[in-house]
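Reviewing the structure listed below.
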Amino acid sequence: MKKILISFCMFLLTSLAIAQTGMPSQADMDKMMKQMQDAMKDMPPETKKMMDSMGMKMPDPSKPLLPKGMTVDNIQQKYTDMVAEDKAYRKKVLDEMPRKIFTDAELATFLQTCFTKIDKNLDAKVKENAKKIIAESKAKNIPAANSVPALLMMKRGYEGLWILSKLAAENPKDANLLCNYAAVSTICGASHFAIPILNNLNHKYPNNSSVLNNLGQAWYDFDKTDSTKKYLKLALKAYPYHPNANYTMSKVCGGNTKDIIGYLKDALKGGFSDNTASQLKKLGVKLTKNDVEWPFPDKSDPLGLDGISIPDYPTSTTSSEELEPKWKAFIMACKAKAESYSTLATQWQEKMNAKEKTLLAESIKNKKLSLFVPPYSELAAIYFGSDIDSMFKLQVKWLEDALQTKKDVEDLQESESKRTSEITAQMDKKYNSSEDAARCEEESRLINGVHNNFLAAANSLINGIEKRKIENLKVTLNAKVKLSLYSATTDERFEWEKAQAKSSFLQALAGIEYNFIGTSKCSPSKKKATTPIKLAEFPDPTCDSKFTVAIGVFKASTVCNKFSIEGGEGVLGSAEYDFGTGELEFGFGIGAEWQAGVGPLHAKAGLKLMSIHKWNSDGYTGGGLKWSGGPEIELGNALQAGIEGNTSYFINTQGKDPGFASGIETSGGVKIP
């Protein structure tokens, strides 16, 4: 079997894109060189110095752009020859591919033939790694097939292909295994192995969306549009939101832009993909949270803004006297706390700018991105960005209503002032002296009635508009912080966003202005003193994203901005790196495991004792001990659930107090067959 690397396939796609737009001629290359020379002559010395200090070495304009002996023409010829060779090879294997539907006995023979060819053509190092994974998995009673998704992610697809090919040859009646083997064969450029396997499965399991999709993808690999559409349409009939089937249909449907968008949107409903979202953006589609599914619990108020208790608004002169001191204390507390968060935000911003400047310089120097890009950043931008956009539209309407409310309150104030003047004029006519006690009692009663009517009407209007403003702000700020939680490239950026959000919310609360009017009395009353109050503390938002895959006896996990790997047998090892803080942790120790099972039910329990050591940018920070253990239950090869308890004691070498922590973690899910 001829090996076609995934990286080569990506190069091929890129080259095709270049060919469609036209390869540059030698004259074009000479012109580009002349333009580069002119640009470098005009570059200020300080700019060159800055770029050199950041590791950006400028090309020597006196040297040719292409290596000696290489021209645009022979690059074009090499590319043309490579495409022709690949087309000839693919035609050959397609012509030789069995078209009949195999019986189970014939399929078993075919699987053995496939494995023999794969084993013969793959490099010795690839096979050695694959054999080691199978041996380690067997010793740990873990299905070796579980390692394949991780191997594909790590661009070690041929190791996964060898593993599945061997397992398929040994287990020719395992339908799930065969379906996965066929899919990986297509990914690795061996669709001529996949199609006969899938034809057998399709005959035995008709209308299975996974089998039909894999058949469609395999035919798509051979550029056979009719067969591709035939099987993908059947897959979509069985499962309308199949992400891969919909995505490929958008490429081969031959329809208008509306049809393509429809397929891509249905693909997103079945499972989010950055590539699918990117295609929709190129087509001018503005995605919203209604187009995607968020895979984790969506907490409505992770900042805990609802925890701030806002005093009632006054509806009478009596309640004004009662509530005004409370409102003064509340506003003072909000302003003070907003200022503290504003100061904190400034501090985090300085740290963030310094951190991101360092990472940018490292990226340029090392010629690779040093910033950690969280795995759900694109999905979070769509899902939570949709809330931010919606609130912006509501805020425009709110502003219109706020202006109208302001006018309505001013009208009420004018009416109140007019009515108060009328009462005073009536009292002047009725009583000879302004100091008459009877006049004072009657005038106070009438004026208090006018004020009560005004306060009830005006403050009700103000409360309605202020409540809408605060609720809109809660949604917006929480959405921004949730977006940052899942997309911030550094911890410093997330802390800055969080402090900013809290300060903004408290400033908005401090800006609420109700009307307060004291009770009109004939004898002066003592004003109540303002008593300082303490506002509730805000909780910290937590990240819920977690992805775990098995690689032999080791388990690799990502949790937001952390990567960890742990495992081993008898002697244990672990490592964890925090991309946000730059903290590194290594551990080693010992462990034991006990197992028992009846039929498909399998139970096991384990105990681990680890010595933990940590480092950060300042050096070694200390070490300690950690033990953990608990039971885990599996039902067949499909479902698993477990619980683990842990306790740790850590001694810090940087002058901080020792740390003691404990907790319980539950787990559950579906295993990859």
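The values are calculated or read from the model by the stated rules, or taken from the named source; none is laboratory data. Just so we're clear, the structure is a prediction, and the values are computed from it rather than from any experiment. Don't worry about glycine lacking a Cβ; one is built from the backbone with ideal geometry, like all the others, and counts go over all protein chains shown. Only protein heavy atoms, including side chains, enter the accessible area calculation; ligands, DNA and RNA are left aside. Shrake-Rupley method; radii C 1.70, N 1.55, O 1.52, S 1.80 Å.
Here are a few things to note about the model shown:
- Residue within the range 90-100 that is over 13 Å from SER191 (Cα atoms), aliphatic (A, V, I, L, M) and part of a helix (DSSP H, G or I) present: no
- For LYS173, the conditions (1) over 32 Å from the mean Cα position of the chain (by Cα); (2) in a helix (DSSP H, G or I) are fulfilled apart from (2).
- Test result for TYR220, farther than 22 Å from LEU161 by Cβ, in contact with a Ser or Thr (Cβ under 6 Å, 6 or more places away or on another chain), of a type outside the set (A, V, I, L, M) and crowded, with 17+ Cβ neighbours inside 10 Å: no
- Evaluated against (1) surrounded by fewer than 18 Cβ atoms within 10 Å (Cβ to Cβ); (2) touching an Asp or Glu at 6+ places or on another chain (Cβ under 8 Å); (3) farther than 24 Å from GLU106 by Cα, LYS132 falls short on exactly one condition, (2).
- Condition met for SER460 (touching a residue at least 12 places away in the same chain (Cβ under 8 Å) and open to solvent by 30 Å² or more (accessible area, probe 1.4 Å)): yes
- The listed residue being buried (at least 18 other Cβ atoms within 10 Å of the Cβ) and assigned to a helix (DSSP H, G or I), out of GLU324, GLU362, GLU356: GLU324
- Qualifying residue in the range 372-387 (condition: open to solvent by 60 Å² or more (accessible area, probe 1.4 Å), of a type outside the set (Ser, Thr, Tyr) and free of Cβ contacts under 8 Å to residues at least 12 places away in the same chain): no
- Subset tally (residues that are among the basic types (Lys, Arg) and closer than 30 Å to LEU483 by Cβ) for the range 387-421: 2
- Filter result (open to solvent by 60 Å² or more (accessible area, probe 1.4 Å) and under 15 Å from ILE470 (Cβ atoms)) within the range 388-410: LEU394, GLN395, LEU399
Residues are listed down the side, and each one gets a yes or a no for (1) touching a residue at least 60 places away in the same chain (Cβ under 8 Å); (2) part of a helix (DSSP H, G or I); (3) over 21 Å from ASP104 (Cα atoms); (4) open to solvent by 40 Å² or more (accessible area, probe 1.4 Å):
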| site | (1), (2), (3), (4) |
| --- | --- |
| ASN141 | yes, no, yes, yes |
| LEU164 | no, yes, no, no |
| TYR181 | no, yes, no, no |
| THR186 | no, yes, yes, no |
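- Scoring LYS299 on the criteria (1) charged (D, E, K, R); (2) out of contact with any Pro (no Cβ under 9 Å at 6 or more places or on another chain); (3) outside any helix (DSSP H, G or I) leaves a single failure, condition (2).
- Within the range 510-533, residues that are under 30 Å from SER340 (Cα atoms) and surrounded by 14 or more Cβ atoms within 10 Å (Cβ to Cβ) reach partners that are modelled with pLDDT of 90 or more and of a type in the set (S, T, N, Q) with beta carbons closer than 7 Å, at six or more positions or on different chains, in the pairs TYR514/ASN459; ASN515/ASN459; PHE516/SER320.
- Of the residues making up the range 425-445, those that are closer than 18 Å to GLY518 by Cα, open to solvent by less than 80 Å² (accessible area, probe 1.4 Å) and either free of Cβ contacts under 8 Å to residues at least 60 places away in the same chain or touching a Ser or Thr at 6+ places or on another chain (Cβ under 8 Å) (or both) are GLU442, GLU443, SER444.
- Any hit, the range 465-485, residues being more than 30 Å from ALA501 (Cβ to Cβ) and either in a helix (DSSP H, G or I) or of a type in the set (A, V, I, L, M) (or both): no
- Considering the range 265-312, and only residues there that are farther than 23 Å from LYS482 by Cα and touching a Ser or Thr at 6+ places or on another chain (Cβ under 8 Å), the residue that is least open to solvent (accessible area, probe 1.4 Å) turns out to be ALA267.
- Members of the range 189-210 found to be surrounded by 21 or more Cβ atoms within 10 Å (Cβ to Cβ) and either part of a loop (DSSP other than H, G, I, E, B) or among the hydrophobic types (A, V, I, L, M, F, W, C) (or both), listed by number: GLY189, ALA190, PHE193, ALA194, ILE195, ILE197, LEU198, LEU201
- Scan of the range 111-122 for residues that are more than 11 Å from HIS192 (Cβ to Cβ) and of a type outside the set (A, V, I, L, M), ordered by number: GLN112, THR113, PHE115, THR116, ASP119, LYS120, ASN121
- Taking the listed residues ASP298, ASP291, the one that is farther than 30 Å from VAL252 by Cβ and not β-branched (Val, Ile, Thr) is ASP298, with no other qualifying.
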